[in-house]
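Trainee: The structure under discussion is supplied below as structure tokens; questions concerning it will follow.
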Amino acid sequence: MRHRGRHRRRRRGAALRAVLAGTGLALTAAATLISASQATVTENPGALAPLTSRAETAPLRLQERLTPARTLNRLSAAMGRPVGVDAVLNGADRTLREAADCSPGDRASLPLAPAVTRAYCWDRADTAGAWRPAAVTASGDAEDDGVRDGHRVILTGWTHRTDTGPAAERGLARVAFVDADESARPTYRWALLVVPVDGGRNYRGLVSAVSGMVWYRDKLLVTTTAGSAEALYVYDLDRIERTTVDAPAIGRVPGGWSADGYRYVLPAIGSYRFTAGRCAPSGPPCPGALALDRTTAPASLAAGEWTAPGGERRARLWRYAFSTDPARGGLLATDAAGRAEAVEAYRTRTAGIRGVLPYRPAGAGRPSWYVGHVPGPRDGRGALWRQDTRGAEAAGCGSSVPHRCWARSPGSLSYWPQTGELWSLSDRMLFAVRPAGPDRPPE
């Protein structure tokens with residue numbers, strides 16, 4: 001059975017490469033590594049500059065704010081016993097389509113390099129409106145064996161545009177729970193992100209741009225809108241609640257609980273705020289991307305600052321350690337006052353960051369950071385650089401801007417160590433690649 005499965009994956013991989021080649025996309029066989037010196041001067045991200053002084057790292061300090069247990073218990077008592085990931089997957093009501101069944105427009109959003117190993121497009125109803133995906137994480141992050149509740153699971157975060165659609169939906173955030181057990185036809189189901197209010201007697205929709213998220217142990221950490229008082233919201237994937245009324249309202253309604261038609265809601269169980277105030281160019285950074293790094297001990301949460309593409313301000317990359325306390329699984333390591341300090345930080349000349357992923361090869365003295373950023377104005381494609389304190393390089397694809405080979409409107413990054421694949425998404429597709437080069441995460 002194992003050999004037959006391997007042969008099926010090879011046939012699907014060959015079919016995928018043929019489909020992508022048919023749309024004019026080149027894969028890694030035609031790619032080269034482009035060093036920073038070969039890139040244009042204006043787009044050269046160069047080497048990472050370590051931030052070590054107290055003045056540089058103090059603005060990265062977070063204050064943990066956990067929702068009182070009585071609030072969460074009151075909400076659960078009113079809504080019913082919480083469910084887990086397995087219950088959501090068992091109710092999956094949508095199906096992802098493989099690349100061969102996607103439109104040319106969908107496939108055109110995929111990277112030119114590194115090589116795409118798997119690619120899927122969403123149900124057409126989910127991409128036709130005002131919802132846009134930007135964040136991805138998976139059970140490969142959450143669990144040592146990559147399996148949660150007996151399933152291989154991928155989560156993607158979506159945000160509703162704020163300038164169109166029904167007023168009640170603008171800015172809302174939702175998560176797609178993807179059952180990735182069957183690679184040919186993964187299925188998925190939506191859950192709406194919400195925040196308990198009035199001591200757990202009600203909830204409101206989370207109005208926030210989710211551009212990054214990380215699933216570690218039983219917790220899901222998500223980014224918030226730039227300028228928000230909160231830097232991160234925290235959700236517990238063992239505290240998923242079912243709604244009982246199919247209505248456009250969000251919260252308690254006559255006859256039960258509603259979530260704008262969604263069957264499931266995830267109530268926030270806490271948040272993290274910068275102690276120096278709201279994120280701003282002159283203060284704490286606005287997190288634009290998150291990723292998990294399992295090559296540190298303990299595992300750590302990596303973050304990349306959002307700065308406008310083409311701007312002069314240098315973005316920050318930094319990380320926090322996760323707690324090793326079994327009672328605090330999935331939460332950040334904090335001191336007695338609930339403060340989380342950055343354990344590593346850098347400056348980079350890369351702007352428009354939407355994906356980060358640090359990785360330290362065994363025996364290496366320094367980590368490499370994969371940094372993906374949004375497309376430039378010339379060709380509509382982003383770039384995926386690998387940076388460290390010595391320099392930078394990217395996969396080239398022979399185009400007029402050879403390092404602009406990443407996806408169109410790219411999202412965050414999630415590495416699945418059990419398969420050696422790096423997952424990400426465009427505004428149209430969910431996909432996986434295999435990073436190239438000497439510092440690539442191992443397969």
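The values are calculated or read from the model by the stated rules, or taken from the named source; none is laboratory data. What you are looking at is a predicted structure, and each value in this text was computed from that prediction instead of being measured. All Cβ positions, even for glycine, are placed from backbone atoms using ideal geometry, and neighbour counts span all protein chains on display. These accessible areas exclude ligands, DNA and RNA; they are computed on the full protein's heavy atoms, side chains included. Shrake-Rupley method; radii C 1.70, N 1.55, O 1.52, S 1.80 Å.
Trainee: Accessible area of Tyr346, 1.4 Å probe, to the nearest 10 Å²?
Mentor: Tyr346 has an accessible surface of roughly 20 Å² with all protein chains in place.
Trainee: If you build a Gaussian network model of the chain, linking Cα atoms that sit under 10 Å apart, which residue out of His373, His403, His151 swings the most?
Mentor: His151
Trainee: How much length is gained if the chain between Arg339 and Asp145 is pulled fully straight, taking 0.36 nm per residue apart and subtracting their Cα-Cα distance, in nm to one decimal?
Mentor: Here the answer is 66.8 nm.
Trainee: So, one more: How many percent of the accessible area of the chain is carbon or sulfur, using a 1.4 Å probe?
Mentor: The value for the chain is 50 percent carbon and sulfur by accessible area.
Trainee: At q = 0.22 Å⁻¹, what base-10 log of I(q)/I(0) does the Debye formula yield for the range 210-276 when every alpha carbon is treated as an equal point scatterer in vacuo?
Mentor: Summing over Cα pairs of the range 210-276 leads to -0.94.
Trainee: Given +1 on the Cβ of Lys and Arg, -1 on the Cβ of Asp and Glu, and no further charges, what dipole in debye does the chain carry about its Cα centre, rounded to the nearest 20?
Mentor: Result for the chain is approximately 500 debye, rounded to the nearest 20.
Trainee: Once amide H atoms are built 1.01 Å from N in the peptide plane, which residues 5 or more positions from Trp257, or in another chain, come under 5 Å H to H?
Mentor: Sorted by chain and number, the residues that satisfy this are Thr244, Val245.
Trainee: Roll a 1.4 Å probe over the protein chains and send me the accessible area per residue for the range 184-283 in Å².
Mentor: That works out to 34 Å² for each residue.
Trainee: A further question follows. Once the whole set of protein chains is in place, how much accessible area is left on Glu230, using a 1.4 Å probe, in Å² to the nearest 10?
Mentor: Glu230 has an accessible surface of roughly 20 Å² with all protein chains in place.
Trainee: Kirkwood Rh, the range 256-389, all Cα pairs: how many Å?
Mentor: Over the range 256-389, the inverse of the mean reciprocal pair distance is 16.8 Å.
Trainee: Ok, one more. Need one number: % antiparallel among DSSP beta bridges in the chain, to the nearest 5. Show your work: numbers first, answer last.
Mentor: Details: 106 of 109 bridges.
Roughly 95 percent of the DSSP beta bridges within the chain come out antiparallel.
Trainee: I've got another one for you. If you take the square roots of the eigenvalues of the alpha-carbon gyration tensor of the range 123-243 and sort them as a ≥ b ≥ c, do you get rounded (a/c under 1.5), prolate (a/b over b/c) or oblate?
Mentor: Numbers: a/c = 1.75, a/b = 1.28, b/c = 1.36.
Oblate.
Trainee: Would you compute, from DSSP H runs of 4+ residues alone, the mean residue ellipticity of the chain at 222 nm, taking -39500 (n - 2.57) per run and dividing by the full residue count, rounded to the nearest 500?
Mentor: Using -39500 (n - 2.57) per qualifying helix, the result is -3000 deg cm²/dmol.
Trainee: Evaluate Rg over Rh across the range 94-168, taking Cα atoms for both radii and Kirkwood's formula for Rh.
Mentor: For the range 94-168, the value is 1.02.
Trainee: With Rg/Rh (Cα atoms, Kirkwood Rh) as the read-out, I listed (i) 0.95; (ii) 1.13; (iii) 0.98; which label goes with the value calculated from this structure?
Mentor: Among (i) 0.95; (ii) 1.13; (iii) 0.98, the one derived from this structure is (i).
Trainee: Measuring from centroid to centroid over Cα atoms, what is the spacing of the range 248-296 and the range 135-164 in Å?
Mentor: 14 Å
Trainee: Before anything else, pin down the relative contact order of the range 289-328: Cα pairs under 8 Å, at least 6 apart, normalised by residue count, whole percent.
Mentor: Worked out over the range 289-328, it gives 36 percent.
Trainee: Count charges around Leu75 for me, please; just the other residues with Cβ under 15 Å from its Cβ, Lys/Arg as +1, Asp/Glu as -1.
Mentor: In short, +4.
Trainee: Beta carbons within 10 angstrom, averaged per residue: use that to sort the peptides 244-257, 84-97, 206-219, highest first.
Mentor: On the way: 244-257: 15.3, 84-97: 17.3, 206-219: 24.3.
Answer by packing, highest mean first, reads 206-219, 84-97, 244-257.
Trainee: Might you report the magnitude of the Cβ-based charge dipole of the range 141-283 about its Cα centre, with Lys and Arg at +1 and Asp and Glu at -1, to the nearest 20 debye?
Mentor: It works out to roughly 520 debye.
Trainee: In addition: Just to confirm a number: summing +1 for Lys and Arg and -1 for Asp and Glu over residues other than Trp306 whose beta-carbon lies under 13 angstrom from that of Trp306, what do you get?
Mentor: Computed value for this residue: +3.
Trainee: Cα atoms only: what Rg and Dmax, in Å, come out for the range 302-365?
Mentor: 14.7, 44
Trainee: What percent does the relative contact order of the range 309-411 come to when contacts are Cα pairs within less than 8 Å and at least six residues apart?
Mentor: Numbers: 193 pairs, mean separation 20.6, N = 103.
Computed value for the range 309-411: 20 percent relative contact order.
Trainee: Here's a follow-up. Any idea which of Val195, Ala134, Ala176 is furthest toward the positive side of the dipole for the range 107-249, if Lys and Arg beta-carbons carry +1 and Asp and Glu beta-carbons -1?
Mentor: My answer, from the dipole projection, is Ala134.
Trainee: In whole percent, what relative contact order does the chain give with Cα contacts below 8 Å and a gap of six or more residues?
Mentor: Numbers: 1185 pairs, mean separation 90.7, N = 443.
Once divided by the residue count of the chain, the mean separation gives 20 percent.
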